[in-house]
Each structure stands twice: as structure tokens, then as C-alpha cells.
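Values quoted throughout were computed directly from the atomic coordinates according to the rules given, and no laboratory measurement underlies them. Not measured: the values here are computed from a predicted model. Reconstructed Cβ throughout: ideal geometry from the backbone, glycine too, with neighbour counts over all protein chains shown.
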């Protein structure tokens, strides 16, 4: 009998028992390697999405139509940078450095949310991103506040608290435009048309096709399935669209009394795969912007480190 | 898995006192080249909504942490010393609040 | 010019400075050399845009023609703008952005310190509130000038180049014209010319610590007080004002 293997099984059983008892896992504790790897993949992808997500909105920051909107958008994008930072920081507790994560992003090894490969063409897109994309993210993130990994759960709680204004500011932009001129109403409808389906795709593949889901649920990294969360989002969003008198671009969308949920049409997963695999309008620009910021900023970071070293040496000399 | 990261800015842990009278509480970490940058970065990253009146930053590598394996010998010995808790002692009501 | 017109003009200068620099910083969003610095630059940008909103709103009220902050921000063409030439200069690299910021932060600190005892209570209030923000901005940009100056050879060179390229925009900050004189006489404004020695002292101290040379350039430009700007401002405005111009009837 393999002694090492028995030890491992004991450890894994004890680990699962802890999870089943709703206890949180903290950084230095033993965890199965696959648990660690799954978290690193999911959390770094989440962090990358926040940071890449600054770009499509940043695209309108210099063109925001009023000074108030400019200030709000700036605060929102800043939050996203902050959220990326909280998430990188939480992921680093698993033994990977931020530079390694950047490296994975820049070489295409790590992904970010596909939604950010779509362009922001009009000001209404800023409304739609806040309302729909942030709305979907919040549904996801609320579920993650109870994730079994302590640092991730804590980061999510902080993020959810800060993010509640993001969706509201987006909806307010949509409301203003939906009640505005004919052109503004058209812009609002057009934005909803373009962002609706990609937003639904943010929840990931259907449960039946989601390879990693079962294990993640067992480990309580995920607390609700992709389809459950997607349904939750749709149920919450349809009345919001009705209030705006905008039409959700789905002919099959209808309230199902029996289920107590909205039925909706099939998601075009080929489109999703197509964009993920590089055929979105902005894939290359987004990645290039991040690579340029990082590589282009190396001399700045090097200078800061060199200065810190000089200062420390001078201090040591003086002592 | 750790590749050479000598050119990455070091990691600092951030602790924030949310108001006078409360302890500093760990809120997360960030990267900075030195303590001054860590402090100003902490202000921008962790107190955007007026969350703090005082910030501590500590280089992560300077933190000495107990390991999970110490859990038994560090914390369990106090489990049987219930006399450290006030409810251990039964006093008659006549004595009043003590 | 009536006193009221002069106060309006004076407020525009202050408000436009903050807005144009805030707009320039917004261009950095998502592109900073360190993620933490992205947050710092947006914080500073947010402070500046906040200042400009208070100042332009007040300017509109003083003018009394029904122009609010947005009317003033989005419906004035280049020659009606009063921001310093320094602030409309392109971001360039991080060293140039920090040099521009540093020159202005030190100036704005001195200017607002004086303005916080302005006889105009509204101006004094805005200045006092902003001074706290500017104190932080100045610390942030001074830190960076020192780090880059005394960092690596490459960063030293970039920082020195940035200072040299922007030095010719410095004298304009301390110019005084009839409006400035009138505002000083009324106890509302600041004698900016008198701030130069203090500015020099602070800047020299930081440059010395940063092992950088005080630039020695033979040129200087001015004109923003009369609406004479560089070509860059037109592009800033074209971008910033686009939506308001494309859809003049819309409310946002």
C-alpha cells in the first residue's frame, strides 16, 4: 500500500470536510493542487477582466457629455482598477506573482472576459455597460462573496460594496437617453441590441457543457451554476428594460408562469467562440494597450526600484 | 512556479484604522518601490471612500506568520482554561454586576 | 471691463486650468506604468475636474447670462479658453506628465494657499477645500520627479528632457495683466508674480534632491490670458466637446 497516497487522501478528505462545514480556506493551509490552480485561473481571469475592462469605458472618458458624467465615469473606471488590484492581491496569496499573471495575460495564456472585446461606439454603450455588464458581474460576484477561499471571498465583499453605484449610474444614463431625443432613444436601443447577448454569454457555457463546474461547486468556489445565475440576471433585467420602454432583442423572451422565470432564446455560442478565439473587433487593441502599458512602463518601475535601493543604501551608510 | 521576479515592485500589506478608537485592520496588499510609495498608493487604492484615518504599510516579507500546523500547539491549549472567561465564575445575584 | 466681467474672467482662468489638466490626465486611464499609479492619476484627475466644476459654475453665476458649468466647458471655442499653455501640452511619456504636473502643483499650491484668504468667500471656500487635494498632488508629483531623477540613467535622462521641454511654459504662470491687478486690488485674487521666489525655492529643492539640473532654455511662450493657445487645445476641445456639438438638443 502506498503510504504517501493514503496521507494525501486523508488530507483531501479533511479538506473537503472543512469545505462541507462551510469553513473558509486561508492562504497557508493545505489545499489540493487542483483547487489552487482552479482559483489562480479563475481569480486572475477575474482580475484581468477588471483591468482590461477599464479600456472600453476609458474610450469615452475624454468625450463624456457633461462634467458630472465625466467625473462619475472616472470614479467608476478608477474603481475597476482598484478591483483588479484587490483581485491580483488576493490571487498572490496563492503563490503566484502579479508579474507572472501579467505575463500570462500578455502571452494569451490567461483570458479576460470576452465582453471587453466589443467596441464602445456611442455614449449609450457606457450606459449599457454599467446597466448590463456590471449588472451581470454583480450577480456573479454576490454569489462569490461566499466562496470557500477566504481572500477571494473578502475581495468580493469589498468589490460588491463599491460596485453597487456602477450599475445605477449605467441605468441612469440609459434612463436619460431613453427619455431624451429621438436620436438618443435610438442610441439607447442600439446599445441594448449590441450588448444584450454578449452580456448573457458572460455567465459562461450552459451547465451541461461546463467542464469545470461540478468540481468548482463541490469545492464551493462556485456557489451557483452558470444557468442559475444567468436566469437570475434575466429575471431582474427584463422589467428594467420595460421601464425604459426599450426592447430586448430576443423574440423568444416570455414570462413562464409555471417556472416563475422568463424563458429566453438560444445563445449563439459560435459567436462566443469566435470572439474568444480572437475574432472580436477589439481583441488586439485591448491586449496591445495592456502590453504597451506594462512594457512601456518598465523604465518607470526600474527607476523606482533603483531609487529605493539607493535610498536604502544611503540610510545604511548614515547609520 | 515562481519565476525570477526581482524586477517586480515589492509587495506591501496594508492596514487601515477606519476611525479613532478602532484597531488597524488588514485590508489587502499592493506593490510599491518603497514605503513612501506604498503609503500614497494605499491612500489611493484603499481609502477612496473615506475608509481610513490612519494607514500602516508593512513589507510582506517582513511579516512573520504562524503556520497552520501550529494551530494545535498555539491555540488549543487555551481551550481548557475556561477560567480566563468571566462566565466561568458563578456569583450570587446579590453581589450585583461585577 | 466691469468688476463683474473681470471676476468672471478670473474664475475662467482658474477653472480652465483645472479642467484641461484633468482632461489630459483622463487620457492616461488604463495605460499607467503601474496599476497603482492608474488609481493615483485618476484620483488627481477627479480632484481637478471637481475643482473646475465648482469654479465654472461660479463663473457662470457671476456672468449672469445663464451659462452653467457644462455650457462653459462644452460650448467655447479655443480662443475663449483661459488655461495656461503648460496644461494643454500633450502627456508625452510618464516623465513629461509628471514634470507638467509638478510645475503646476507647486504653482497651484501657492496660488490656492493665497486664495484661501480671498475676500470673495466663495473663492476662499473653493481654494481651502482644494488646497488639501493639491497638497497631496504636490507630494505625489515631487516624489516621482525625485524617483525618476535619481533613479536609473535612463529615467534621469527622460526626466531632465521633460523638464527642459516644459520650462519655457513656466514664466507664463507668473504673468500679471489688468485683470490680475484688479483682482488683487479688490482683495479677491493673488499677485502671482510675487509667488515666483517661493515656487523657485520649492522646485529647486526637489530638483536638487532629484539630482536634476534646473533647465536653462532661452525661449518662453505666453498668451493664454488673451486666448492665444498652442494647436493642441483645439484637439482637446474637439474630443471633449464632440457629443454636445453633434447633438445640440440633447440632455445627458
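Details
- Remark: the protein assembly as shown projects, on average over all directions, an area of 40.7 nm² (convex hull of Cα atoms).
- Relative contact order for the range B:3-93, counting Cα pairs under 8 Å that sit 6 or more residues apart, in percent: 28
- Per the Debye calculation on the range A:1-103 with a single equal scatterer at every Cα and no solvent contribution, log₁₀ I(q)/I(0) for q = 0.09, 0.24 Å⁻¹ amounts to -0.38, -1.17.
- Inter-centroid distance (Cα atoms) of the range C:1-70 relative to the range B:33-91, Å: 42
- Here the relative contact order of the range A:135-251, from alpha carbon pairs under 8 Å that lie six or more residues apart, stands at 34 percent.
- Using a Gaussian network model of chain A in which every pair of alpha carbons under 10 angstrom is joined by a spring, one finds that among A:283, A:274, A:226 the greatest mean-square fluctuation is at A:274.
- Residue exposure proxy: A:147, A:282, ordered by other Cβ atoms within 10 angstrom of their Cβ from fewest to most, comes out as A:282, A:147.
- Highest mobility in the GNM of chain C, judged by mean-square fluctuation with C-alpha springs under 10 Å and restricted to C:118, C:57, C:155, is found for C:155.
- Shape of the range A:146-293, Cα gyration tensor, a/c cut at 1.5: rounded
- Put simply, the Cα atoms of the range A:256-319 extend 78, 31, 11 Å along their principal axes, the longest span coming first.
- Neighbour counts of other Cβ atoms within 10 Å put A:300, C:179, B:58, B:64 in the fewest-to-most order B:64, B:58, C:179, A:300.
- Shape metrics for the range C:10-63, restricted to C-alpha atoms - Rg then Dmax, Å: 12.8, 43
- Here the Gaussian network model covers chain C, with springs between Cα atoms less than 10 Å apart; of C:17, C:83, C:43, C:43 fluctuates the most.
- Over chain A: helical MRE at 222 nm, DSSP H runs n ≥ 4 each giving -39500 (n - 2.57), nearest 500: -22000 deg cm²/dmol
- 222 nm mean residue ellipticity, helices alone, for chain C (DSSP H n ≥ 4; -39,500 (n - 2.57); rounded to 500): -21500 deg cm²/dmol
- Cα gyration tensor shape for the range C:101-183, rounded if a/c is under 1.5, else prolate or oblate: oblate
- Shielding by other protein chains, A:93-106, mean Cβ within 10 Å: 3
- Over chain B, dividing the summed -39,500 (n - 2.57) contributions of all DSSP H runs of at least 4 residues by the number of residues returns a 222 nm mean residue ellipticity of -5000 deg cm²/dmol.
- Chain C: C-alpha pair distances exceeding 29 Å, %: 27
- For the peptide C:22-29, the mean number of other protein chain Cβ atoms found within 10 angstrom of a residue's Cβ is 5.
- Chain C: angle of helix C:196-209 to the longest principal axis, Cα-based, in degrees nearest 10: 30
- Value of Rg/Rh across the range B:3-93 [Cα atoms, Kirkwood radius]: 1.19
- Cα gyration tensor shape for chain A, rounded if a/c is under 1.5, else prolate or oblate: oblate
- Exposure proxy shown here: for A:73, C:243, C:55, the number of other Cβ atoms within 10 Å sets the order, fewest to most, as C:243, A:73, C:55.
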